[in-house]
Amino acid sequence: MNEQTHVFYRNPFTVYPVIARGEGAYLFDKKGKRYLDACGGAVVSALGHRVPEVVDALKAQLDSVEFAHTSQFTNTPQEELAELLAELSPGGLNHAYFVSGGSEAVESAIKMARAYWVQMGRPEKWMVIGREQSYHGNTLGALAAGGNRWRRALYEPMLYQRPRVAPCYCYRCPFDKDPAHCALQCADDLERAILEVGPEKVSAFIAEPIVGATAGALVPHENYFRRIREICDRYDVLLIADEVMTGLGRCGTWFAIKQFGVVPDMICLAKGLAAGYVPIGATLVHNHIVDTFHNRRNVFQHGHTYMGHPLAAAAGVAVIKYMQQHKLVERSKKMGEELMTRLREALHDHPHVGDIRGRGLFCGIEFVLDRASKTPFEPELAFHRILGETAFANGLIIYPMGGTLDGRRGDHVLIAPPFIITKAQIGRLVELLVKSIDATVDRLRKHIAAALP
């Protein structure tokens, strides 16, 4: 523990290197060490570091105005960013509610769903249902909707109770099916949950199109969200797509939900929206919800001080324009295919790699004690944590997580480099990752040997 700092760190038992600068796909600490940023921090840095066009846009905005409260003014960057998002989003999602991050975007969507149903004369509809092995943010409403048991545990008494919905986890199907014979029981489980509590109580269902931090880039069956949309429509339940990680090109399309052929009622964005240059989030809202507020001349009783912040919105505008100019969404798809091919070539027969999955530059690797049985490592080994520390020491930043199966057992990493990554850098990424995996296995070899049958 560093006794010299006055910062209250989330983990006070870690000594962090001091960041000095960023450049493209790399970060450099004050001692001069270079790190290949293969996860964008928490899947944030989509453009890479220190892009001049974005930096210049921020400087120009500061020369104009740094802040004006949105209860008194609108601002040009906010209006322009909302227009850009409306042009890019699935049909009908033509309005943007700007906040400061992903948790706020989800919290806003949850409250907006409640406010919508009250205006519709159905005030009994309040509950938001989510899935097991999902994560939607650390504010209490978002935490309650999510199914990340580790993050929920400490705050469980403060969270509302709701039924659990099975994850769409093809590698470990909770219904013992394989994709070739899938009957979409994981989607139908939503109907069970709605009927369990009563459709009259359920306001919305929230899901990540491709599950991120909690389970490592889980891609659903191609027909999963069509079935989910049908169930939501049948029981008058709004569908919220949490694209805080997957949105704005990360999965090879502007929005991952587009790949599954449905239009949600709301989409939550953050992370890649300003690519880390300034904190910002947004809830994209369908016309039919906005019209309900307008037609009844009601305000949305919710807000934050920094919503629609001019500097944050200017960053969002600059990021989207840069992505359009340089065709970075298309590049995310192309380089994602390159990354997936390299990972599978390097790790396809590794005895402790169970599954490699994802879309675009959003890849997950699940680790196992035994491939044949898919037996996970014992949680006490902390395989993911040791792998993350080993990779960091080797100059590679990845996103390691545990609890992949059930909040306690299982280990995975997310790989989510910036869209500007080159083939050579992907080669180096895979080289360092394999080196780090092998070093982790060597470090734990005695424990692994003892655990194997």
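The values are calculated or read from the model by the stated rules, or taken from the named source; none is laboratory data. Because the structure is a prediction, the values reported are computed rather than measured. No Cβ is skipped: glycine too gets one built from the backbone with ideal geometry, and neighbour counts run over all protein chains shown. Quick note on the areas: whole protein, heavy atoms, side chains included, nothing else; ligands and nucleic acids left out. Shrake-Rupley method; radii C 1.70, N 1.55, O 1.52, S 1.80 Å.
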- Message: Which condition from (1) farther than 23 Å from residue 413 by Cα; (2) open to solvent by less than 90 Å² (accessible area, probe 1.4 Å); (3) touching a strand residue (DSSP E or B) at 6+ places or on another chain (Cβ under 6 Å) is the one that residue 35 breaks?
- Response: (1)
- Note on the structure: Of (1) touching a His at 6+ places or on another chain (Cβ under 7 Å); (2) open to solvent by 10 Å² or more (accessible area, probe 1.4 Å); (3) among the β-branched types (Val, Ile, Thr), residue 118 satisfies every one except (1)
- Item | Scope segment 408-417; condition touching a helix residue (DSSP H, G or I) at 6+ places or on another chain (Cβ under 6 Å) and buried (at least 19 other Cβ atoms within 10 Å of the Cβ); matching residues | 411, 416
- Query: Quick one: residue 313 ticks every box in (1) farther than 30 Å from residue 65 by Cα; (2) open to solvent by less than 20 Å² (accessible area, probe 1.4 Å) bar one, so which box is it?
  - Reply: (1)
- Among the residues listed as 379, 400, the single one being within 20 Å of the chain's Cα centre (by Cα) and of a type outside the set (A, V, I, L, M): 400
- Task: Report, by residue number, each residue of segment 280-304 that is over 27 Å from residue 262 (Cβ atoms) and either at pLDDT 95 or above or surrounded by 16 or more Cβ atoms within 10 Å (Cβ to Cβ) (or both).
- Result: 304
- Search result, residues across segment 266-279 that are assigned to a loop (DSSP other than H, G, I, E, B) and open to solvent by 10 Å² or more (accessible area, probe 1.4 Å): 276, 277, 278, 279
- Could you list all residues from segment 190-220 that are open to solvent by less than 20 Å² (accessible area, probe 1.4 Å) and in a helix (DSSP H, G or I)? 190, 193, 194
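Go through 14, 5 for me and flag whichever is loosely packed, with under 11 Cβ neighbours inside 10 Å, of a type outside the set (Phe, Trp, Tyr) and not in a strand (DSSP E or B). Talk me through it step by step, then tell me what you get.
Numbers: 5 fails: loosely packed, with under 11 Cβ neighbours inside 10 Å.
That would be 14, the only listed residue that is loosely packed, with under 11 Cβ neighbours inside 10 Å, of a type outside the set (Phe, Trp, Tyr) and not in a strand (DSSP E or B).
Kindly indicate whether residue 237 is over 19 Å from residue 103 (Cβ atoms), among the hydrophobic types (A, V, I, L, M, F, W, C) and more than 20 Å from the chain's Cα centre (by Cα). Before you say what the answer is, go through the steps one by one.
On the way: over 19 Å from residue 103 (Cβ atoms): yes; among the hydrophobic types (A, V, I, L, M, F, W, C): yes; more than 20 Å from the chain's Cα centre (by Cα): yes.
Yes; evaluated as a whole, the condition is true for this residue.
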- Message: So, residue 349, is that one acidic (Asp, Glu) and within 22 Å of residue 405 (Cβ to Cβ) or not?
- Response: no
- Message: If a residue must be modelled with pLDDT of 95 or more and farther than 15 Å from residue 218 by Cβ, how many such residues does segment 392-413 contain?
- Response: 10
- Note on segment 137-150: residues closer than 20 Å to residue 408 by Cα and surrounded by fewer than 18 Cβ atoms within 10 Å (Cβ to Cβ) are 138, 149, 150
- Query: Is at least one residue of segment 221-236 crowded, with 20+ Cβ neighbours inside 10 Å, closer than 24 Å to residue 111 by Cα, modelled with pLDDT of 95 or more and in contact with a Lys or Arg (Cβ under 9 Å, 6 or more places away or on another chain)?
  - Reply: no
- Pairs under 9 Å by beta carbon, first residue at positive phi and in contact (Cβ under 8 Å) with a residue 12 or more places away in the chain in segment 37-57, partner of a type outside the set (Gly, Ala, Ser) and assigned to a helix (DSSP H, G or I), six or more apart or different chains? 40/271; 41/271; 43/271
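So which of 138, 148 ends up being in contact with a helix residue (DSSP H, G or I) (Cβ under 6 Å, 6 or more places away or on another chain), of a type outside the set (A, V, I, L, M, F, W, C) and either in contact (Cβ under 8 Å) with a residue 60 or more places away in the chain or within 22 Å of residue 304 (Cβ to Cβ) (or both)? I'd like the intermediate steps shown before the answer.
On the way: 148 fails: in contact with a helix residue (DSSP H, G or I) (Cβ under 6 Å, 6 or more places away or on another chain).
Going through 138, 148 in turn, the sole match is 138.
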- Scanning segment 359-388 residue by residue, those in a strand (DSSP E or B) and open to solvent by 40 Å² or more (accessible area, probe 1.4 Å) turn out to be 370, 375
- Query: Yes or no: residue 320 surrounded by 24 or more Cβ atoms within 10 Å (Cβ to Cβ), among the β-branched types (Val, Ile, Thr) and at pLDDT 95 or above?
  - Reply: yes
- Item | Filter result (in contact with a Cys (Cβ under 6 Å, 6 or more places away or on another chain) and either farther than 21 Å from residue 203 by Cα or surrounded by fewer than 16 Cβ atoms within 10 Å (Cβ to Cβ) (or both)) within segment 151-184 | 168, 179
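Can you go through 96, 82, 86, 113 and tell me which one is modelled with pLDDT of 95 or more and open to solvent by less than 10 Å² (accessible area, probe 1.4 Å)?
Numbers: 96 fails: open to solvent by less than 10 Å² (accessible area, probe 1.4 Å); 82 fails: open to solvent by less than 10 Å² (accessible area, probe 1.4 Å); 86 fails: open to solvent by less than 10 Å² (accessible area, probe 1.4 Å).
Of 96, 82, 86, 113, the one residue that is modelled with pLDDT of 95 or more and open to solvent by less than 10 Å² (accessible area, probe 1.4 Å) is 113.
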